[in-house]
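A quick write-up on the structure given underneath.
The values are calculated or read from the model by the stated rules, or taken from the named source; none is laboratory data. Just so it is clear, the model here is predicted, and its values are computed rather than measured. Note that we place each Cβ from the backbone using ideal geometry, even for glycine, and neighbour counts take in every protein chain shown. All accessible areas refer to the heavy atoms of the entire protein, side chains included, with ligands and DNA or RNA removed. Shrake-Rupley method; radii C 1.70, N 1.55, O 1.52, S 1.80 Å.
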Amino acid sequence: MARPRKPLLSRERIVTTALALIDAEGLPALSTRRLAAQLGVSGPSLYNHFTTKDEILDAVADTVIAKVDVSAFEAGADWRAGLLDWARSYRAALAAHPHIVPFLAQGPGRRPAGLKMADAAFGGMVEAGWPPAQATRVCAMVRYFVAGSALGSFARGFVDDPSAYDPADYPHLGQAHLLAEHQRQVDEGAFETGLRALVDGLALQHPELVPPQGG
């Protein structure tokens, strides 16, 4: 009886397996030796597709960023709608893979999807009338905000043991033990509150860049 054939090794399969490993165990778990073992191949086989571990990480990061929707900018939407849609999609992509966020926070480097996202956001802001220097700062601000939000959970930072919050020491934390139970509501609500404040604040500072109603 013929042995079952092993799945062919490909860039896509390497990247998918590397991302799953990072998701499960964090960035330090990724090594070419560990990745090769997960794939059931010898280490040198990976180098037919990637020359270094950093190249694999770049491909993994770009796979995550490729899921970010920047179509609102491409469609020429009001810059406020563009920022809101971009930031929400950006956070969703990163929140699904929080362990890769520290690597992504370094910037797009030469990664195509990262550069296309930056180009769409910056281009959309400039086309809406923002001076290039200010558009750069706004896009950077959104990236900082999204990365920080996706990196961890505020709600899960509080233990669910009521005895940890002695009212004599923490008179205002009587309900803190309930935060973890409502993690999604708390974390997503905090993100939306902050995002709206950022966009509304920009509109107040630069009313000349806010399209008229119906415009």
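Annotations for the structure displayed:
- Scanning the stretch 43-74 for residues that are among the hydrophobic types (A, V, I, L, M, F, W, C), farther than 30 Å from A87 by Cα and either outside any helix (DSSP H, G or I) or in contact with a strand residue (DSSP E or B) (Cβ under 7 Å, 6 or more places away or on another chain) (or both) yields one hit, F50.
- Whichever residue in the stretch 16-28 is assigned to a helix (DSSP H, G or I) and touching a His at 6+ places or on another chain (Cβ under 9 Å) and, among such residues, is nearest to A95 (Cα to Cα): D23
- Flag for V15 being free of Cβ contacts under 8 Å to residues at least 60 places away in the same chain, over 27 Å from A197 (Cα atoms), of a type in the set (V, I, T) and open to solvent by 40 Å² or more (accessible area, probe 1.4 Å): no
- In the stretch 196-209, residue farthest from the chain's Cα centre (by Cα) [restricted to those that are open to solvent by 40 Å² or more (accessible area, probe 1.4 Å) and among the aliphatic types (A, V, I, L, M)]: L204
- You will find that of L35, L83, the residue that is over 19 Å from the mean Cα position of the chain (by Cα), surrounded by 19 or more Cβ atoms within 10 Å (Cβ to Cβ) and not charged (D, E, K, R) is L35 and no other.
- Matching residues, the stretch 104-123, being touching a helix residue (DSSP H, G or I) at 6+ places or on another chain (Cβ under 6 Å), among the small types (G, A, S) and at pLDDT below 95: A105
- Among the residues examined, R91 does not qualify as surrounded by 14 or more Cβ atoms within 10 Å (Cβ to Cβ), over 30 Å from L202 (Cα atoms) and charged (D, E, K, R).
- As a summary of the residue check, A120 satisfies the conditions (1) open to solvent by 20 Å² or more (accessible area, probe 1.4 Å); (2) closer than 24 Å to H97 by Cα except for the one numbered (1).
- Breaking point among (1) in a loop (DSSP other than H, G, I, E, B); (2) touching a Ser or Thr at 6+ places or on another chain (Cβ under 6 Å); (3) not small (G, A, S), for Q38: (1)
- Evaluated against (1) out of contact with any His (no Cβ under 9 Å at 6 or more places or on another chain); (2) modelled with pLDDT of 95 or more, Q134 falls short on exactly one condition, (1).
- Scanning the stretch 40-71 for residues that are crowded, with 20+ Cβ neighbours inside 10 Å and either over 19 Å from P112 (Cα atoms) or modelled with pLDDT under 90 (or both) returns a single hit, L46.
- None of A133, A147 is of a type in the set (A, V, I, L, M), within 28 Å of V70 (Cβ to Cβ) and open to solvent by 50 Å² or more (accessible area, probe 1.4 Å) except A133.
- If you filter the stretch 150-195 down to residues that are over 27 Å from D23 (Cα atoms) and small (G, A, S), you find that the one that is least open to solvent (accessible area, probe 1.4 Å) is A176.
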